[in-house]
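A short worksheet on the structure shown next.
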Amino acid sequence: MRVLLIGSGGREHALAWKLRQSSRLDELHAAPGNPGIARLGECHPVRAEDGEGLLDLARSLEADLVVVGPEAPLVSGVADELRHAGVAVFGPSREAARIEGSKTFAKEVMRAAGVPTAETLAIARPPCVIKVDGLAAGKGVFVCPDQGALDEALRAAGRLGQPLVIEELLEGEEVSLFAIADGSDAVALAPARDYKRVGDGNTGPNTGGMGSYSPVTELTPANVEELLATVHRPVLAELATRGVPFVGLLYAGLMLTEAGPKVLEFNCRFGDPETQAILPRIQGDLLETLAAAAEGDLGPDGLGVTDEAAVTVVLAAREYPEQGDSGTPIEGVDDAETHALVFHAGTAIQNGRLVTNGGRVLDITALGPTVEEARAAAYAGCATISFDGMQYRRDIAARTADIAT
């Protein structure tokens, strides 16, 4: 198969790494890709949001499957443009992608499907959670335990210029559960937990994610199947009833409360950085499964999972999440790869050197017999890498930070 992968981040590098292992893969292409992906396939200078350019590229490559990584092109309808031209796509349509593109739409769907979720509040009063309705690169959620936090959240959210959704503040432990969907049914991947705040001890502003780990011991395989039945499948059925079947990766962000699991949000694509911890644990042919989903027929068999644990630590620029960094030389990646997998998230090549090119720069992922051993290997990899201003959390997957809010 010839595969075209859309995107340029750490999630897409992890997808490229896993797709490269498929016996069915003949050629791997990416648009626009990154220096890490360029070691696995051919990169093309077409932006992820350029539907017309991507269609021209897919036709010229005679691509058998297009896998769309980021949310923005999905919400803008890139998958529709490709599908309408007869190209097989793993990724939902514009209307189905509203499950992430609009918090209000997602709430409507969950209410209609009977899926447990946080209650919507009419008035912003602490404790509560403020969310912007549309896409915000993972930075549009504000937890407000008191009035001071609420005032600050309203100012920050207002600067994003979108409608707001106000929700009750749920208590518990968060978990991410991905499901590969073919429009009517789904198979779950291993659960993961991510760390959204920039600082140790879950301090500072929300980010796109500073690290993750898998497995999540609170969820047994039986729990995962129950969640698939009570969360993902009802939403898939409701979307299909509305005439917008969801084909792609349906990602539920869940809070495990004392009253049971409740949905915090849905995303319409592989999560980042959870993907970097989940994919190395997959046993089986991911490409075969994605292609089957794109054809609308997953079949009864899912993907297996290794007993090993995986931990991912994000290396970010000094001012992230406020701003990224570009052009700063990066050292030590080759040494890190003796300890762990290194996924490129925001890098570029300038004059033959690897340099920064974003907010989240590199994702260091390691496997081990236990979470503790995988964590040690991941941080050993982090210790070999350096660039000016590099920051990262030191408590990813630590026992004292297991509640990753």
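The values are calculated or read from the model by the stated rules, or taken from the named source; none is laboratory data. Remember, it's a predicted structure, so these values are computed and weren't measured experimentally. Virtual Cβ from ideal backbone geometry, glycine too; neighbours counted across all protein chains shown. Note: accessible area is taken over every heavy atom of the protein model, side chains too, but ligands, DNA and RNA are not part of it. Shrake-Rupley method; radii C 1.70, N 1.55, O 1.52, S 1.80 Å.
Computed quantities for the displayed model
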| quantity | calculated |
| --- | --- |
| Carbon plus sulfur fraction of accessible area for the range 305-347, probe 1.4 Å, in percent | 37 |
| Additional length obtainable on full extension of the chain from THR306 to GLN323, 0.36 nm per residue less Cα span | 2.4 nm |
| Accessible area, probe 1.4 Å, largest first, for residues VAL305, VAL263 | VAL305, VAL263 |
| Neighbourhood net charge (14 Å Cβ-Cβ; Lys/Arg +1, Asp/Glu -1) for GLY296 | -3 |
| Per-residue [θ]222 nm for the chain (sum of -39500 (n - 2.57) over DSSP H runs n ≥ 4, rounded to 500) | -7500 deg cm²/dmol |
| Sequence of ARG233, ARG393, ARG125 when ordered by accessible area, the most exposed leading, probe 1.4 angstrom | ARG125, ARG233, ARG393 |
| Neighbourhood charge, 15 Å Cβ-Cβ cut-off, centred on LEU164 and excluding it, Lys, Arg +1 and Asp, Glu -1 | +1 |
| Note, ³J(HN,Hα) from phi for the range 26-36, Karplus 6.51, -1.76, 1.60, rounded to Hz, x at Gly and Pro | 9, 9, 10, 10, 9, 9, x, x, 7, x, x |
| Per-residue HN-Hα couplings for the range 143-153 [Karplus 6.51, -1.76, 1.60; θ = phi - 60°; Hz; x = Gly/Pro] | 8, 10, x, 9, 5, x, 5, 5, 4, 5, 5 |
| Interchain or long-range residues, amide H under 5 Å from THR257's placed H | LYS262 |
| Estimated Rh, the range 266-321: Kirkwood, alpha-carbon pairs, angstrom | 13.6 |
| Heavy atoms of SER76: accessible area, 1.4 Å probe, square angstrom to 10 | 50 |
| Approximate spin-label separation ALA380-GLN147, in nm, with each point projected 7 Å along Cα-to-Cβ | 5.3 |
| Lysine pairs with alpha-carbon atoms under 28 Å apart, the chain, spacing 8 or more or separate chains | 16 |
| The range 54-105: equivalent-ellipsoid semi-axes (sqrt of 5 x gyration tensor eigenvalues, Cα, Å) | 22, 9, 8 |
| Kirkwood Rh in Å, taken over the range 90-221 so that all alpha-carbon pairs contribute | 16.4 |
| Sequence of TYR320, TYR392 when ordered by accessible area, the most exposed leading, probe 1.4 angstrom | TYR392, TYR320 |
| Alpha carbon convex hull of the range 1-132, volume per residue in cubic angstrom | 144 |
| Kirkwood Rh in Å, taken over all unlike Cα pairs in the chain | 21.1 |
| For the range 234-340: span of alpha carbons on each principal axis (Å, largest first) | 51, 33, 33 |
| Heavy atoms of SER386 accessible to a 1.4 Å probe, total area in Å² rounded to 10 | 60 |
| Chain lengthening between THR104 and ASN351 when straightened (0.36 nm per residue, less Cα-Cα) | 84.3 nm |
| Percent of Cα pairs exceeding the 21 Å cut-off, where the set is the range 116-182 | 28 |
| Projected-area mean, the range 299-349, by convex hull of Cα positions, square nanometres | 6.6 |
| Residues of the chain: accessible area per residue with a 1.4 Å probe, Å² | 39 |
| Percent of Cα pairs exceeding the 21 Å cut-off, where the set is the range 190-267 | 39 |
| Area of MET110 that stays accessible when all protein chains are in place (1.4 Å probe, Å², to 10) | 0 |
